[in-house]
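A short write-up of the structure that comes next.
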Amino acid sequence: MFKIKTTGFDSLLKKLETAPKEVVQLVDGVFENTSKEFVSRAKRDAPKDTGFLTGEISYKPEGEMKYNIFSGSRYAGYLEFGTKRNFKAIPGFEKEASEIKGIGVSGSAAEAIENITQWVKRKGILFQKAGGKNMTVEQTAWIIWHFININGIKPQPYFFKQVAIAENNLEKDLKQIAEEIFD
């Protein structure tokens with residue numbers, strides 16, 4: 001699981017302490033809309049199979065102008081940054097990536113192979129033996145598991161790449177509100 005925390009808005013928040021309640025509500029609405037847009041883009045860009053990952057991407061208010069955007073899936077970070085040889089931290093998010101790297105997902109090899117077997121069935125994947133005869137679903141799943149166990153999975157960024165977009169939109173929307181109020 002990981003979360004997003006925006007920074008650099010402290011001076012604005014300090015000024016809003018003495019602002020009329022209507023202005024605070026307006027700014028809070030901008031923060032909430034930005035959170036909703038972030039979640040929508042992250043869900044759009046997330047890898048899809050069963051829909052579990054996208055269902056775990058959400059946000060929740062934690063007070064006025066404070067929103068927690070998160071992915072609650074236990075494997076979200078592995079898909080975001082990759083694993084083993086394929087691990088790649090997104091520039092600017094090295095700290096978050098390092099917190100995920102090296103943390104094993106609980107479960108046994110048998111559970112992993114079973115999950116991969118189900119995925120192989122959903123995707124209709126079957127490898128072939130040298131003579132052209134198809135392997136079983138279980139044999140195919142074992143080969144894929146073995147490959148992942150050695151090489152890891154490639155990163156499929158979907159979450160943290162939304163931060164810059166959200167910050168830019170938030171800044172633009174807040175400037176627009178400031179212009180409307182102070183002009």
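The values are calculated or read from the model by the stated rules, or taken from the named source; none is laboratory data. Please read these numbers as outputs of a predicted model, since none were measured by experiment. So basically every Cβ, Gly included, is an ideal-geometry build from the backbone, and we count neighbours across all protein chains shown.
Of note:
- If you filter region 62-74 down to residues that are buried (at least 16 other Cβ atoms within 10 Å of the Cβ) and touching a helix residue (DSSP H, G or I) at 6+ places or on another chain (Cβ under 8 Å), you find that the one that is nearest to Q25 (Cα to Cα) is M65.
- Filter result for the condition that a residue is closer than 22 Å to Y158 by Cβ and surrounded by 14 or more Cβ atoms within 10 Å (Cβ to Cβ), over E114, E96: E96
- Residue check: Y158 meets all listed conditions (1) modelled with pLDDT of 95 or more; (2) surrounded by fewer than 14 Cβ atoms within 10 Å (Cβ to Cβ) but one, namely (2).
- Qualifying positions in region 36-51 - modelled with pLDDT of 95 or more and out of contact with any helix residue (DSSP H, G or I) (no Cβ under 7 Å at 6 or more places or on another chain): K36, V39, S40, R44, D45
- Applying a threshold of 7 Å to beta carbon distances and a minimum spacing of six or more residues, or different chains, the list of pairs starting in region 14-40 at a residue that is farther than 16 Å from P61 by Cβ and ending at one that is acidic (D, E) and surrounded by 14 or more Cβ atoms within 10 Å (Cβ to Cβ) is empty.
- In this structure, K88 does not satisfy being touching an Asp or Glu at 6+ places or on another chain (Cβ under 9 Å), surrounded by fewer than 16 Cβ atoms within 10 Å (Cβ to Cβ) and within 24 Å of Y158 (Cα to Cα).
- Residue match in region 1-12 (condition: at pLDDT below 90, closer than 24 Å to N115 by Cα and not in a loop (DSSP other than H, G, I, E, B)): yes
- Test: residue in region 116-127 that is part of a helix (DSSP H, G or I), without any contact (Cβ under 8 Å) to a residue 60 or more places away in the chain and under 21 Å from E56 (Cβ atoms): yes
- Applying the condition of being under 15 Å from the mean Cα position of the chain (by Cα) and among the basic types (K, R) to region 61-94 and asking which residue is farthest from V163 (Cα to Cα) yields R74.
Here is a yes/no grid of residues against (1) at pLDDT below 95; (2) closer than 20 Å to T83 by Cβ:
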| position | (1), (2) |
| --- | --- |
| V105 | yes, yes |
| E111 | yes, yes |
| T117 | no, yes |
| Q128 | yes, no |
| I150 | yes, yes |
| N169 | yes, no |
| K172 | yes, no |
| E180 | yes, no |
